[in-house]
Every structure is written in structure tokens, then in C-alpha cells.
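What follows is a single structure, written as C-alpha cells, with notes after it.
Rule-based calculations on the coordinates, nothing more; no lab input. Source: prediction; values computed, not measured. Here Cβ is always computed from backbone atoms with ideal geometry, including for glycine, and neighbour counts include all displayed protein chains.
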Amino acid sequence: MKNIVKITLRVCRLFIGLFLYSVGIVLTINANLGLAPWEVFHQGIAHIIGITMGQASILVGIICVILNTILGERLGWATLANMLFIGLFIDILMLNHLIPTFKSIVLSMIMMLLGLAVIGVASYFYMGAGLGAGPRDSLMVALIKKTKKSVRFIRNSIEISVLIIGYIFGGHVGIGTLLMAFSVGYFVQFVFKILKFEVSSIKHSFIDDDLRTLKEMLNK
């Protein structure tokens, strides 16, 4: 019974994090000051193919999961949930106009900063669930392991690449792009410090481990 309650709380924490992350992303999109590198890429894909931002996010997530599997990176349940539900939540928020837009540059800047803060809180919930990393973060980790390059080099290489491709495809680049590229990490770190959350203390469970445990339980 305790295990069921524990798992339920972790799943609830995960989905709170995924929803808040989607809210944060839509806040930065609706600020209309330029998108974060991955969102520039998603918007560019959406523009080229003729799909929604959420659908583009899901498509890119699927591709990342496939690459992660090929590269031998272990997948968590949160990896798959991130792949599907962030895109779904983004579409729900955007297509139903649940988050407003403003013409005032001051209000738009406030909205972008609020979005970054929400992403920081979302990361606390999402990562604290201990159910694995998102598809894009997992891809970064897999490439670091394969290439033996630094985290900074791999992360910058990925984000610069998706930014350039997204811009070529028609994604919106602006002052907000620079702001988010250089400050989102500080917002996340600030939230973690306030909430006294240590990332290194989290022990993630992975799909293969859970399936192995389930198999052992069924064989008893």
C-alpha cells in the first residue's frame, strides 16, 4: 500500500511539473520577444510541416527518444511522458487562448520573466519525481557519453544547431532568445536554492528496471 501511495505521489509530481513547464513555455511564446532555442526549432518545424507547436514538440521528442535508444541511453517513464504531454499541454493552452498576449513591451518582458520563473518551479517538480530525464536532456547526456566532450560544449552545440535550423525554417528569434538562452539556468538554480532542492540527491528509476521488477514479482 505504501509503495502504491509513493508511486502515485511521484506520478502526480511529474505531471504537475510537465503542466507547469508547458505553462512556462507558452508564457515565453506569448511574450513575443523571441523564443528559446528548442522552441525556435519547434516553431520552425511547425511552420514547415503545417502542424501546431505542440505537435512539433511531440515529433521532435519522438525523434530524440529514438536517437537516445540507438545511443544506448536508458529511458524513464518521465522521458515518454515529457515526449507526449508537454506538447499536448502546449496545444491546449495555446489553441484555447488560456494565456493572454500583450502589446506593451514592459508587460511582454514581465511575461517572459514569469515564464522563466515558472519553468524553474516546473523543473523542481519534474526532476524531483525521479522518473528519468526529458528526451532532449537525455540526448545531451548520451552525446556527452559518446563523444567525451564537456557538458557546456555539447549543450551549446545542440542549442546553437536547433536555433539555426529553426530560424531558417521560420522560427521567431529576438531579444528574448538571448535572454532565455543565458538566463533560464539561473532561474532554475535560484528556484532550487530557495526550495533547498539538491539534484544530486535524486535517484531516478528507469523503465527497464521497473519492467524487470514487475517480471520478478509475476514469477514468484
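Counted as membrane-span-like here are DSSP H helices of the chain whose alpha-carbon atoms extend 24 Å or more along the helix's own axis and whose Kyte-Doolittle mean is -1.0 or above; these are 2-30, 53-70, 77-95, 105-128, 151-168, 175-194.
Packing, taken as the mean count of other beta carbons within 10 Å per residue, orders the peptides 45-53, 126-134 from highest to lowest as 126-134, 45-53.
Counting alpha carbon pairs within less than 8 Å and at least 6 residues apart, what relative contact order, in whole percent, applies to the chain? Contact order relative to length: 36 percent.
Farthest towards the positive end of the charge dipole of the chain, among the residues VAL118, VAL141, ALA81, is the Cα of VAL141, using unit charges on the Cβ of Lys, Arg, Asp and Glu. With a cut-off of 17 Å on the backbone N, the residues of segment 15-47 near the modelled label site 7 Å out from ILE175 along Cα-Cβ are 28-36. Ignoring aspartates and glutamates fewer than eight residues from LYS145 along the same chain, the ones with Cα atoms less than 20 angstrom from its Cα are GLU73, ASP137, GLU159, ASP208. Toward the positive end of the charge dipole of the chain, with +1 on the Cβ of Lys and Arg and -1 on the Cβ of Asp and Glu, the farthest Cα among THR8, THR28, ILE99 is that of THR8. Between segment 174-220 and segment 9-65, the C-alpha centres lie 17 angstrom from each other.
Here the chain is treated with +1 on each Lys and Arg Cβ and -1 on each Asp and Glu Cβ, and its dipole about the Cα centre works out to around 660 debye.
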